[in-house]
1. Looking at 115, 205, 192, which one is farther than 15 Å from residue 249 by Cβ, more than 16 Å from ligand 2 (Cβ to nearest atom) and in contact with a helix residue (DSSP H, G or I) (Cβ under 6 Å, 6 or more places away or on another chain)?
2. Can residue 133 be described as modelled with pLDDT under 95 and more than 16 Å from ligand 2 (Cβ to nearest atom)?
3. Could you say which residue among 192, 130, 134 is closer than 24 Å to residue 228 by Cα and not assigned by TED's automatic domain parsing to the domain that holds residue 350?
4. Is there a residue in the stretch 286-296 that is under 26 Å from residue 46 (Cβ atoms) and at pLDDT 95 or above?
5. Hey, any hits in the stretch 149-165 for a residue that's at pLDDT below 95, within 16 Å of ligand 1 (Cβ to nearest atom), part of a loop (DSSP other than H, G, I, E, B) and not assigned by TED's automatic domain parsing to the domain that holds residue 255?
6. It is to be established whether one or more residues within the stretch 77-100 are crowded, with 16+ Cβ neighbours inside 10 Å, within 15 Å of the chain's Cα centre (by Cα) and over 19 Å from residue 330 (Cβ atoms).
7. Quick one: count up the residues across the stretch 354-367 that are without any contact (Cβ under 8 Å) to a residue 40 or more places away in the chain and either more than 16 Å from ligand 1 (Cβ to nearest atom) or surrounded by fewer than 12 Cβ atoms within 10 Å (Cβ to Cβ) (or both).
8. Conditions first: (1) more than 17 Å from the chain's Cα centre (by Cα); (2) in a loop (DSSP other than H, G, I, E, B); (3) within 11 Å of ligand 1 (Cβ to nearest atom). Residue 58 passes all but one, so which condition is the exception?
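The values are calculated or read from the model by the stated rules, or taken from the named source; none is laboratory data. Not measured: the values here are computed from a predicted model. Quick reminder, even Gly has a Cβ in these numbers, built from the backbone with ideal geometry, and neighbours come from all protein chains shown.
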Ligand SMILES: Cc1cc2nc3c(=O)[nH]c(=O)nc-3n(C[C@H](O)[C@H](O)[C@H](O)COP(=O)(O)OP(=O)(O)OC[C@H]3O[C@@H](n4cnc5c(N)ncnc54)[C@H](O)[C@@H]3O)c2cc1C
Ligand code: FES
């Protein structure tokens, strides 16, 4: 027994040393975590700091980017079909929105998939990001979601990069929350443009209530499937839709607007047709706007407005900081009550109730007369 004491002592001494070292490493790692704290706190002025974990090609000019929160926390729950608006470079007012293309069931990270456009500021900036880079973005938002209608059969119509919100919706469905039938019609030019095609084929084989109809418009020797454009006759040739179907559109207006017009003539109710438009702030046409000298009153403060800016830009010119998170009328962050006449490029960021109550989206609204603005 006495002979066992030295080995026992060395065992306890060894364990003690190990614990001290462990504590030391933990303290060091806390210190490092503190030093690498995010530049901005989570959700400060609505923005979060993200770190790029990984990026990879999906198709010609299309790349996916997987982000986590820089502070290591989970993303707040988001809905399939929503988007994230990213700050492009250092200017907090240069934003571009990208639909989430990953499952809403994976809160540790989220993915967006971006098509690089020739001369496009935001898309090419996104394509230049490298793993480890930190970016600023607003939390997911958007009203182009389908989970409120789990029992309605659905038709999804995607053109080109407009496929992204549907990928998230379909991955969300894979968890079995929505058992209603869904048919995806996906129009592209060539097989090189077919982002997510393999994944969609895979999902259609595993989800009996999901039917997938890809169609290519341009000549392509590698493609033996359907050819042409997504049109209402094409949709009708694949499925027979019922009055309780809901339609979701995301693609170029030349494709979606014609089908929506035909659906309207068939008496499909407006509230069953959902659309997402991938607009950029640079594409707003201001050429016909007349310069105006007006007075804006914002939460009681008077501001002189002189020019052709949106209400948001007019307020910012006067150093008033009105909330925003997309600047293209889709997120609803800039909504306000307005007394007086104004016109809006889009009301996409308002719910049907908000539209009825006459709310204004300051980022896409232009004053027509003196206005009194009240932040909601
Ligand atoms: C809700 C939402 C979700 C979106 N989701 C996605 C998505 O998942 N994936 C995706 O790739 N995109 C998506 N977009 C589009 C995206 O936000 C950007 O609009 C897109 O990437 C183009 O931005 P950019 O800065 O590259 O191009 P911009 O610099 O904004 O230019 C847009 C286009 O206009 C052209 N252009 C620029 N200046 C002029 C000019 N003076 N005259 C004429 N043409 C001009 C450019 O060459 C380019 O083709 C989404 C948009 C919204 C609103
Ligand atoms: S800032 Fe998003 S709707 Fe105006």
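1. Of the residues listed, the single one that is farther than 15 Å from residue 249 by Cβ, more than 16 Å from ligand 2 (Cβ to nearest atom) and in contact with a helix residue (DSSP H, G or I) (Cβ under 6 Å, 6 or more places away or on another chain) is 115.
2. no
3. Numbers: 130 fails: closer than 24 Å to residue 228 by Cα; 134 fails: closer than 24 Å to residue 228 by Cα.
Going through 192, 130, 134 in turn, the sole match is 192.
4. Yes - at least one qualifying residue is present in the stretch 286-296.
5. There is no residue in the stretch 149-165 that is at pLDDT below 95, within 16 Å of ligand 1 (Cβ to nearest atom), part of a loop (DSSP other than H, G, I, E, B) and not assigned by TED's automatic domain parsing to the domain that holds residue 255.
6. No; the residues of the stretch 77-100 include none that is crowded, with 16+ Cβ neighbours inside 10 Å, within 15 Å of the chain's Cα centre (by Cα) and over 19 Å from residue 330 (Cβ atoms).
7. Matching residues across the stretch 354-367 total 6.
8. Failing condition for residue 58: (2).
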